[in-house]
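Let me begin by presenting the structure, written as structure tokens, before commenting on it.
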Amino acid sequence: MTHADGIPFDTETQGAATAAAPRFGHDLETIRNTLAQFTGTTCYYRIMGNFTCTDGVHYLADRCGAVWLLTAIISHQTNPKVRREGMQVWKLTLEGRGALLTCTDGNYRELVTQRIDYTDFPLPEGCEIWVEGDVLLLPSEH
């Protein structure tokens with residue numbers, strides 16, 4: 001996966017987990033604080049096909065090693081039940097060493113869920129990504 005300018009996402013920093021810096025040399029508080037500052041976007045990054053993501057989702061994928069999460073969300077767009085929803089809310093909820101990825105229509109009506117057997121996603125609270133059309137964004141960027 002590459003940035004809009006063709007530069008690949010940072011894959012060299014993916015290593016073993018540590019207590020203060022989950023995998024990437026960034027402490028959790030820095031990641032949380034930075035994610036909270038994203039409002040709107042200045043750039044859209046092409047992910048796959050016609051799908052793009054905002055600055056905030058790009059940061060999340062890069063700093064949390066969550067390119068797999070964007071791929072999972074996009075893979076569900078082939079499901080007509082999911083794709084026909086113009087507004088999708090995707091929630092990653094950590095459960096032990098695994099996680100549950102749930103999509104709702106924005107009105108809490110569940111469209112699809114995917115169990116993930118193992119993840120090293122660093123934020124214990126998980127995350128939420130919205131899909132509007134072909135754009136993946138953080139709720140704060142809406």
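The values are calculated or read from the model by the stated rules, or taken from the named source; none is laboratory data. All values reported here derive from a predicted model rather than from experimental measurement. Note: ideal-geometry Cβ built from the backbone for every residue, glycine included; neighbour counts use all protein chains shown.
Odds and ends about this structure:
- In the range 88-142, residue surrounded by the fewest Cβ atoms within 10 Å (Cβ to Cβ) [restricted to those that are among the polar types (S, T, N, Q) and not in a strand (DSSP E or B)]: ASN107
- The range 46-75: number of residues that are part of a strand (DSSP E or B) and within 22 Å of THR119 (Cβ to Cβ): 4
Conditions tested, residue by residue: (1) more than 17 Å from the chain's Cα centre (by Cα); (2) modelled with pLDDT under 95; (3) more than 20 Å from MET48 (Cα to Cα).
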{"position": "GLN77", "(1), (2), (3)": "no, no, no"}
{"position": "VAL89", "(1), (2), (3)": "no, no, no"}
{"position": "LEU94", "(1), (2), (3)": "no, no, yes"}
{"position": "ARG97", "(1), (2), (3)": "yes, no, yes"}
{"position": "THR104", "(1), (2), (3)": "no, no, yes"}
{"position": "TYR108", "(1), (2), (3)": "yes, yes, yes"}
{"position": "VAL112", "(1), (2), (3)": "no, no, yes"}
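- Some residue of the range 56-74 being surrounded by fewer than 16 Cβ atoms within 10 Å (Cβ to Cβ) and of a type in the set (Lys, Arg): no
- Residues that are hydrophobic (A, V, I, L, M, F, W, C) and either more than 21 Å from GLY56 (Cα to Cα) or more than 15 Å from the chain's Cα centre (by Cα) (or both), drawn from the range 114-142: ILE116
- Among residues of the range 76-87, those that are assigned to a loop (DSSP other than H, G, I, E, B) and among the hydrophobic types (A, V, I, L, M, F, W, C), counted: 0
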